[in-house]
1. Any idea how far the Cα center of the range 131-164 sits from the one of the range 86-103, in Å?
2. Lys pairs in the chain, Cα-Cα under 22 Å, at least 8 apart or on separate chains: how many?
3. Would you work out the charge dipole size for the chain about its Cα centre, treating the Cβ of every Lys and Arg as +1 and the Cβ of every Asp and Glu as -1, and quote it to the nearest 20 debye?
4. Measuring with a 1.4 Å probe in the full set of protein chains, what accessible area per residue, in whole Å², belongs to the chain?
5. Rounded, prolate or oblate: which one fits the chain, using the alpha carbon gyration tensor with axes a ≥ b ≥ c (rounded when a/c is under 1.5, else prolate when a/b beats b/c, else oblate)?
6. Mind telling me which of THR41, THR28, THR143 comes out most flexible in a GNM of the chain, alpha-carbon contacts under 10 Å?
7. If you take the square roots of the eigenvalues of the alpha-carbon gyration tensor of the range 97-156 and sort them as a ≥ b ≥ c, do you get rounded (a/c under 1.5), prolate (a/b over b/c) or oblate?
8. Within the chain, what whole-number % of the accessible surface is contributed by carbon and sulfur, with the 1.4 Å probe and all protein chains included in the calculation?
Amino acid sequence: FRNNAKKLEHFNLFSFNIQKYFVVKTFTSFLTGFIVTIMLTFFNVDYPILWGVIAMLFNFVPVVGSIIASIPAILLALMNLDIFSAIWVIVLYMIINISISNILEPKLMGRELGLSPLVIFFSLIFWGYILGIVGMFLAVPITMTLKIAFDSNTSTHWLGILMS
């Protein structure tokens, strides 16, 4: 990169956009963990901070991370609470994960990084076809990385614009 300032500029733009992606993902993961902690504290489920931290960390795993993180807390709620309260815990877990992962996060990603929801939908189909079920889990991060890479170079910037 010493001899080519343009390549360094493209690399800096790429790394800046990757950082923006991780800032948005970290914010939504923290928000998920925080709300889960408050919800579990309200229902007096044991170790609510632990389950909130686990929810935050597992939220970085696309699609199944939030589901896997909810299982221990839901099982604990089923063992220690009455069935009505345990069902409320399950329903609230679903509401939290659906609203943050499917509504708030795509909105923030679209605003911060300019990725169209239609592109996200087609990327699920494309990567699911290419890589199977693993591709569907990794579709958004792969597509986001490709868009950032396209936006970082003037010769491929038009592809990044098409993905917006």
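1. 28 Å
2. 9
3. 640 debye
4. That works out to 61 Å² for each residue.
5. Because a/c hits 1.5 or more and a/b exceeds b/c, the chain counts as prolate.
6. In this elastic network of the chain, the residue with the biggest mean-square fluctuation among THR41, THR28, THR143 is THR41.
7. Oblate, because a/c is 1.5 or more while a/b does not exceed b/c.
8. 77 percent
The values are calculated or read from the model by the stated rules, or taken from the named source; none is laboratory data. This one's a predicted model, so the numbers in the text were calculated from it and none came from an experiment. Ideal geometry is used to build each Cβ from the backbone, glycine not excepted, and the neighbour counts take in all protein chains shown. Accessible surface areas use protein heavy atoms only, side chains included; no ligands, DNA or RNA. Shrake-Rupley method; radii C 1.70, N 1.55, O 1.52, S 1.80 Å.
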